[in-house]
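For reference, the structure is listed below as C-alpha coordinates.
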Amino acid sequence: MSSKIGSPESIPYPLIRVERDKRAYFIAKRLFDLVLAIAFLALSAPILMLIALCIRLESPGPVIFKQKRVGKDGKIFGCYKFRSMYCDHPDPRELAFMRAFINGQVSEPPGGIGSTFKSHERNKVTRVGRILRRTSLDELPQFINVLRGEMSLVGPRPHVVSEVAAYAPWHRRRLAVLPGITGWAQVNGRSCLTFDQLVRYDLEYIERQSLAFDLAILFKTVTVVITGAGTE
(Lines give C-alpha, C1' and ligand atoms only; values in the text may rest on other atoms or scores of the structure.)
Protein backbone atom coordinates (compact mmCIF):
# COMPACT_ATOMS: atom_id res chain seq x y z
CA MET A 1 0.00 0.00 0.00
CA SER A 2 1.40 3.39 -0.98
CA SER A 3 2.00 6.21 1.44
CA LYS A 4 2.94 9.84 1.10
CA ILE A 5 5.57 12.29 2.19
CA GLY A 6 3.24 14.25 4.44
CA SER A 7 -0.14 15.45 3.22
CA PRO A 8 -0.84 17.87 0.33
CA GLU A 9 -1.31 20.61 2.90
CA SER A 10 2.18 19.98 4.28
CA ILE A 11 3.84 20.70 0.92
CA PRO A 12 4.78 24.38 1.19
CA TYR A 13 5.13 25.00 -2.55
CA PRO A 14 2.21 24.23 -4.89
CA LEU A 15 2.67 21.41 -7.36
CA ILE A 16 2.26 22.13 -11.06
CA ARG A 17 -1.34 21.32 -11.96
CA VAL A 18 -2.23 19.26 -15.03
CA GLU A 19 -4.07 21.30 -17.64
CA ARG A 20 -7.41 19.97 -18.87
CA ASP A 21 -6.22 19.98 -22.49
CA LYS A 22 -3.51 17.48 -21.59
CA ARG A 23 -5.85 14.76 -20.36
CA ALA A 24 -5.90 13.13 -23.81
CA TYR A 25 -2.11 13.19 -23.79
CA PHE A 26 -1.91 11.38 -20.44
CA ILE A 27 -4.32 8.67 -21.63
CA ALA A 28 -2.24 8.18 -24.79
CA LYS A 29 0.95 8.25 -22.73
CA ARG A 30 -0.33 5.50 -20.44
CA LEU A 31 -1.30 3.29 -23.40
CA PHE A 32 2.08 3.93 -24.99
CA ASP A 33 3.83 3.01 -21.72
CA LEU A 34 1.90 -0.26 -21.43
CA VAL A 35 2.47 -1.38 -25.02
CA LEU A 36 6.18 -0.58 -25.03
CA ALA A 37 6.81 -2.04 -21.55
CA ILE A 38 5.09 -5.33 -22.40
CA ALA A 39 6.92 -5.58 -25.73
CA PHE A 40 10.28 -4.76 -24.16
CA LEU A 41 9.96 -7.27 -21.32
CA ALA A 42 8.91 -10.01 -23.74
CA LEU A 43 11.71 -9.37 -26.24
CA SER A 44 14.45 -8.80 -23.67
CA ALA A 45 13.65 -11.79 -21.45
CA PRO A 46 16.85 -13.71 -22.44
CA ILE A 47 19.01 -10.66 -21.67
CA LEU A 48 17.29 -10.11 -18.34
CA MET A 49 17.85 -13.74 -17.37
CA LEU A 50 21.54 -13.49 -18.37
CA ILE A 51 22.00 -10.39 -16.23
CA ALA A 52 20.29 -12.12 -13.31
CA LEU A 53 22.60 -15.13 -13.67
CA CYS A 54 25.74 -12.92 -13.73
CA ILE A 55 24.61 -11.09 -10.59
CA ARG A 56 23.90 -14.32 -8.74
CA LEU A 57 27.22 -15.93 -9.75
CA GLU A 58 29.34 -12.97 -8.63
CA SER A 59 27.95 -12.36 -5.15
CA PRO A 60 25.29 -13.70 -2.77
CA GLY A 61 22.07 -11.82 -2.34
CA PRO A 62 18.88 -11.01 -4.23
CA VAL A 63 19.04 -10.32 -7.95
CA ILE A 64 16.42 -7.58 -7.79
CA PHE A 65 16.85 -4.70 -5.38
CA LYS A 66 13.66 -2.95 -4.23
CA GLN A 67 14.02 0.55 -2.82
CA LYS A 68 11.43 3.00 -1.52
CA ARG A 69 11.17 5.95 -3.88
CA VAL A 70 8.88 8.98 -3.97
CA GLY A 71 6.55 9.22 -6.94
CA LYS A 72 3.72 11.41 -8.17
CA ASP A 73 2.18 13.66 -5.51
CA GLY A 74 4.57 12.31 -2.89
CA LYS A 75 3.35 8.69 -3.04
CA ILE A 76 5.97 6.17 -1.94
CA PHE A 77 6.45 3.01 -4.00
CA GLY A 78 8.94 0.17 -4.33
CA CYS A 79 11.30 0.93 -7.23
CA TYR A 80 12.95 -2.14 -8.80
CA LYS A 81 16.59 -2.31 -9.92
CA PHE A 82 19.10 -5.05 -10.62
CA ARG A 83 21.37 -5.28 -7.59
CA SER A 84 24.70 -3.66 -8.43
CA MET A 85 26.31 -3.64 -4.95
CA TYR A 86 27.44 -6.18 -2.41
CA CYS A 87 24.82 -6.77 0.28
CA ASP A 88 25.87 -4.61 3.21
CA HIS A 89 24.53 -2.07 5.65
CA PRO A 90 24.04 1.44 4.20
CA ASP A 91 26.81 3.95 4.79
CA PRO A 92 25.51 6.85 6.96
CA ARG A 93 27.92 9.19 5.13
CA GLU A 94 25.82 8.78 1.99
CA LEU A 95 22.76 10.46 3.50
CA ALA A 96 24.88 13.39 4.70
CA PHE A 97 26.38 13.76 1.23
CA MET A 98 22.97 13.64 -0.49
CA ARG A 99 21.56 16.35 1.75
CA ALA A 100 24.60 18.56 1.21
CA PHE A 101 24.34 18.11 -2.56
CA ILE A 102 20.63 18.98 -2.66
CA ASN A 103 21.26 22.06 -0.55
CA GLY A 104 24.01 23.20 -2.93
CA GLN A 105 26.75 22.73 -0.35
CA VAL A 106 28.75 20.38 -2.58
CA SER A 107 30.08 21.99 -5.73
CA GLU A 108 32.58 19.31 -6.72
CA PRO A 109 31.96 15.86 -5.24
CA PRO A 110 34.93 13.49 -4.92
CA GLY A 111 35.62 12.19 -8.41
CA GLY A 112 33.75 15.06 -10.10
CA ILE A 113 30.14 16.17 -10.42
CA GLY A 114 29.44 12.86 -12.13
CA SER A 115 29.61 11.13 -8.78
CA THR A 116 26.29 12.64 -7.70
CA PHE A 117 24.92 10.80 -4.65
CA LYS A 118 27.55 8.05 -5.09
CA SER A 119 30.73 9.40 -3.56
CA HIS A 120 30.84 6.75 -0.82
CA GLU A 121 29.53 3.79 -2.83
CA ARG A 122 32.30 2.92 -5.24
CA ASN A 123 34.00 0.29 -3.10
CA LYS A 124 30.65 -1.49 -2.64
CA VAL A 125 29.82 -1.84 -6.34
CA THR A 126 30.38 -5.28 -7.85
CA ARG A 127 32.18 -5.83 -11.16
CA VAL A 128 28.90 -6.75 -12.82
CA GLY A 129 27.31 -3.77 -11.12
CA ARG A 130 29.82 -1.35 -12.65
CA ILE A 131 28.84 -2.54 -16.12
CA LEU A 132 25.15 -2.37 -15.31
CA ARG A 133 25.42 1.17 -13.98
CA ARG A 134 27.61 2.39 -16.83
CA THR A 135 25.08 1.12 -19.37
CA SER A 136 21.98 1.87 -17.23
CA LEU A 137 21.00 -1.80 -17.51
CA ASP A 138 20.47 -1.90 -13.74
CA GLU A 139 17.28 0.10 -14.29
CA LEU A 140 15.61 -2.38 -16.68
CA PRO A 141 13.42 -3.94 -13.93
CA GLN A 142 11.69 -0.56 -13.65
CA PHE A 143 9.62 -1.58 -16.67
CA ILE A 144 7.69 -3.58 -14.07
CA ASN A 145 7.00 -0.32 -12.23
CA VAL A 146 5.71 1.09 -15.52
CA LEU A 147 3.28 -1.82 -15.88
CA ARG A 148 2.09 -1.24 -12.30
CA GLY A 149 1.37 2.42 -13.06
CA GLU A 150 3.95 3.67 -10.55
CA MET A 151 6.28 5.04 -13.22
CA SER A 152 6.25 6.11 -16.84
CA LEU A 153 8.84 5.61 -19.57
CA VAL A 154 9.60 9.34 -19.51
CA GLY A 155 9.50 11.67 -16.51
CA PRO A 156 11.61 13.00 -13.64
CA ARG A 157 13.72 10.30 -12.02
CA PRO A 158 12.29 9.13 -8.66
CA HIS A 159 14.36 9.96 -5.60
CA VAL A 160 14.61 8.13 -2.28
CA VAL A 161 12.65 9.33 0.73
CA SER A 162 15.66 10.86 2.49
CA GLU A 163 16.48 12.97 -0.58
CA VAL A 164 12.93 14.30 -0.91
CA ALA A 165 12.93 15.17 2.78
CA ALA A 166 15.87 17.50 2.04
CA TYR A 167 14.14 19.22 -0.92
CA ALA A 168 13.74 22.97 -1.00
CA PRO A 169 10.05 23.92 -1.44
CA TRP A 170 10.39 24.60 -5.18
CA HIS A 171 12.06 21.21 -5.76
CA ARG A 172 8.77 19.51 -4.85
CA ARG A 173 7.17 20.76 -8.05
CA ARG A 174 8.90 17.86 -9.85
CA LEU A 175 6.54 15.49 -7.99
CA ALA A 176 3.56 16.68 -10.06
CA VAL A 177 3.86 13.84 -12.59
CA LEU A 178 4.77 10.16 -12.65
CA PRO A 179 8.51 9.55 -12.38
CA GLY A 180 10.21 8.05 -15.42
CA ILE A 181 12.84 5.49 -16.39
CA THR A 182 14.46 8.27 -18.38
CA GLY A 183 13.88 12.00 -18.50
CA TRP A 184 14.83 15.36 -19.96
CA ALA A 185 17.52 15.84 -17.30
CA GLN A 186 19.03 12.40 -17.99
CA VAL A 187 19.63 13.22 -21.66
CA ASN A 188 21.07 16.63 -20.83
CA GLY A 189 23.93 15.70 -18.55
CA ARG A 190 22.51 13.02 -16.25
CA SER A 191 24.66 12.85 -13.10
CA CYS A 192 26.96 15.65 -14.37
CA LEU A 193 24.32 18.21 -13.38
CA THR A 194 24.01 20.06 -10.12
CA PHE A 195 20.79 19.26 -8.30
CA ASP A 196 19.17 22.60 -9.09
CA GLN A 197 20.01 22.17 -12.78
CA LEU A 198 18.47 18.70 -12.71
CA VAL A 199 15.25 20.02 -11.16
CA ARG A 200 15.03 22.87 -13.69
CA TYR A 201 15.19 20.34 -16.53
CA ASP A 202 12.45 18.31 -14.81
CA LEU A 203 10.20 21.36 -14.49
CA GLU A 204 10.85 22.28 -18.12
CA TYR A 205 9.76 18.76 -19.09
CA ILE A 206 6.54 19.05 -17.08
CA GLU A 207 5.67 22.30 -18.83
CA ARG A 208 6.50 20.95 -22.32
CA GLN A 209 4.98 17.45 -22.06
CA SER A 210 3.74 15.90 -25.30
CA LEU A 211 4.04 12.55 -27.06
CA ALA A 212 6.45 14.06 -29.58
CA PHE A 213 8.66 15.35 -26.76
CA ASP A 214 8.53 11.96 -25.01
CA LEU A 215 9.58 10.18 -28.21
CA ALA A 216 12.44 12.64 -28.73
CA ILE A 217 13.68 11.96 -25.19
CA LEU A 218 13.45 8.19 -25.70
CA PHE A 219 15.45 8.36 -28.92
CA LYS A 220 18.06 10.60 -27.29
CA THR A 221 18.24 8.20 -24.34
CA VAL A 222 19.39 5.42 -26.66
CA THR A 223 22.24 7.65 -27.86
CA VAL A 224 23.20 8.61 -24.30
CA VAL A 225 23.25 4.97 -23.16
CA ILE A 226 25.34 3.85 -26.16
CA THR A 227 27.90 6.65 -25.77
CA GLY A 228 27.89 6.61 -21.96
CA ALA A 229 27.55 10.40 -21.87
CA GLY A 230 27.11 11.79 -18.37
CA THR A 231 27.97 8.56 -16.60
CA GLU A 232 30.66 8.07 -13.96
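Among the residues of the range 182-190, is there at least one that is among the aromatic types (Phe, Trp, Tyr), in a helix (DSSP H, G or I), surrounded by 17 or more Cβ atoms within 10 Å (Cβ to Cβ) and touching a Phe, Trp or Tyr at 6+ places or on another chain (Cβ under 6 Å)? So far as the range 182-190 goes, no, none of its residues is among the aromatic types (Phe, Trp, Tyr), in a helix (DSSP H, G or I), surrounded by 17 or more Cβ atoms within 10 Å (Cβ to Cβ) and touching a Phe, Trp or Tyr at 6+ places or on another chain (Cβ under 6 Å). Total residues in the range 41-74 satisfying the condition of being within 17 Å of Ile181 (Cβ to Cβ), surrounded by fewer than 16 Cβ atoms within 10 Å (Cβ to Cβ), touching a strand residue (DSSP E or B) at 6+ places or on another chain (Cβ under 7 Å) and touching a residue at least 24 places away in the same chain (Cβ under 8 Å): the figure is 2.
Checked against (1) surrounded by 15 or more Cβ atoms within 10 Å (Cβ to Cβ); (2) in a loop (DSSP other than H, G, I, E, B); (3) modelled with pLDDT of 90 or more, Phe117 passes all but a single condition, namely (3). Of the residues Tyr86, Tyr80, the single one that is closer than 19 Å to Pro141 by Cα, surrounded by 11 or more Cβ atoms within 10 Å (Cβ to Cβ), touching a helix residue (DSSP H, G or I) at 6+ places or on another chain (Cβ under 8 Å) and modelled with pLDDT of 95 or more is Tyr80. How many of the residues in the range 127-140 are buried (at least 17 other Cβ atoms within 10 Å of the Cβ) and either without any contact (Cβ under 8 Å) to a residue 40 or more places away in the chain or on the phi > 0 side of the Ramachandran plot (or both)? The total comes to 1.
Across the range 209-219, the qualifying residues are those that are surrounded by fewer than 17 Cβ atoms within 10 Å (Cβ to Cβ) and under 19 Å from the mean Cα position of the chain (by Cα), and the one among them that is modelled with the lowest pLDDT is Phe219. In this structure, does Arg157 turn out to be of a type in the set (Lys, Arg) and either outside any loop (DSSP other than H, G, I, E, B) or surrounded by 24 or more Cβ atoms within 10 Å (Cβ to Cβ) (or both)? It is false that Arg157 is of a type in the set (Lys, Arg) and either outside any loop (DSSP other than H, G, I, E, B) or surrounded by 24 or more Cβ atoms within 10 Å (Cβ to Cβ) (or both). Quick check: anything in the range 141-154 part of a helix (DSSP H, G or I), surrounded by fewer than 20 Cβ atoms within 10 Å (Cβ to Cβ), modelled with pLDDT of 90 or more and in contact with a strand residue (DSSP E or B) (Cβ under 9 Å, 6 or more places away or on another chain)? Within the range 141-154, one or more residues are part of a helix (DSSP H, G or I), surrounded by fewer than 20 Cβ atoms within 10 Å (Cβ to Cβ), modelled with pLDDT of 90 or more and in contact with a strand residue (DSSP E or B) (Cβ under 9 Å, 6 or more places away or on another chain).
Taking Glu19, is it modelled with pLDDT under 65, charged (D, E, K, R) and either within 20 Å of Val161 (Cβ to Cβ) or over 22 Å from the mean Cα position of the chain (by Cα) (or both)? It is true that Glu19 is modelled with pLDDT under 65, charged (D, E, K, R) and either within 20 Å of Val161 (Cβ to Cβ) or over 22 Å from the mean Cα position of the chain (by Cα) (or both).
The residue list Arg174, Arg200 contains one member that is surrounded by fewer than 22 Cβ atoms within 10 Å (Cβ to Cβ), among the charged types (D, E, K, R) and either within 16 Å of the chain's Cα centre (by Cα) or not in a helix (DSSP H, G or I) (or both), which is Arg200.
The values are calculated or read from the model by the stated rules, or taken from the named source; none is laboratory data. Just so it is clear, the model here is predicted, and its values are computed rather than measured. All Cβ positions, even for glycine, are placed from backbone atoms using ideal geometry, and neighbour counts span all protein chains on display.
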